[in-house]
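The next block holds one structure in the form of structure tokens; read it before the comments.
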Amino acid sequence: VDMEIYVNRLLRERGTIMGTLKVVKEVAGEGIELVKVCGTVEREADCLPAGKYRVRIGKCKRLNRKMPYLVPVDDASAKSVAMIQPGNGPFTMSRGSILVGEVHAPGYVLKSLSLFTTLYERIKKAVWRGNVVTLEIKEM
């Protein structure tokens, strides 16, 4: 089963974009349901265009660990710098990246690392099973 992630951009404030990250969950006999996983923060100045991205796992030299990178679905050869990442505010983010956590003040998140780790493990499992993981960014 492929994994579908949606980021809904809800609010723009002080140069940041805040939203929610939801994952599609299949409910037996009920069809599909979107389940909120966490909040998101992006930098308005260099955020990714709304649209669909493929999530790939790759090594990040700066953070010295594997991270979920975002590659445009229609350009699979594109080299990506944008990723889903933990952090506490927009200033530590890589260009075009999506920060995950519990959104509090504009642009700031709490519980970022634990929420990121949970999401990353789910993505990693899906990729390991050979499933396609996509993330779609929507302007609300």
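Tabulated values for the structure
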| read-out | value |
| --- | --- |
| Count of residues meeting criterion [in contact (Cβ under 8 Å) with a residue 60 or more places away in the chain, closer than 17 Å to residue 113 by Cα and either of a type outside the set (Val, Ile, Thr) or out of contact with any Lys or Arg (no Cβ under 9 Å at 6 or more places or on another chain) (or both)] in region 1-43 | 4 |
| The listed residue being open to solvent by 80 Å² or more (accessible area, probe 1.4 Å) and either within 10 Å of the chain's Cα centre (by Cα) or touching a residue at least 24 places away in the same chain (Cβ under 8 Å) (or both), out of 68, 90, 49 | 49 |
| In region 71-87, the residues that are in contact (Cβ under 8 Å) with a residue 40 or more places away in the chain and open to solvent by 10 Å² or more (accessible area, probe 1.4 Å) | 73 |
| Residue within region 40-53 that is in contact with a Phe, Trp or Tyr (Cβ under 7 Å, 6 or more places away or on another chain) and at pLDDT 90 or above present | no |
| Residue match in region 1-12 (condition: among the aliphatic types (A, V, I, L, M), more than 19 Å from residue 139 (Cα to Cα) and assigned to a loop (DSSP other than H, G, I, E, B)) | yes |
| Scope region 51-88; condition in a strand (DSSP E or B) and among the basic types (Lys, Arg); matching residues | 52, 54, 56, 59, 65, 66 |
| In region 93-103, the residues that are surrounded by 14 or more Cβ atoms within 10 Å (Cβ to Cβ) and not in a loop (DSSP other than H, G, I, E, B) | 98, 99, 100, 101, 103 |
| Cβ pairs under 9 Å, 6+ apart, first in region 94-117 and under 21 Å from residue 55 (Cα atoms), second of a type in the set (Asp, Glu) and open to solvent by less than 10 Å² (accessible area, probe 1.4 Å) | 96/42; 97/42; 98/42; 99/42 |
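The values are calculated or read from the model by the stated rules, or taken from the named source; none is laboratory data. Bear in mind the structure is a predicted one, so any value in this text is a computation, not a measurement. Note: ideal-geometry Cβ built from the backbone for every residue, glycine included; neighbour counts use all protein chains shown. Only protein heavy atoms, including side chains, enter the accessible area calculation; ligands, DNA and RNA are left aside. Shrake-Rupley method; radii C 1.70, N 1.55, O 1.52, S 1.80 Å.
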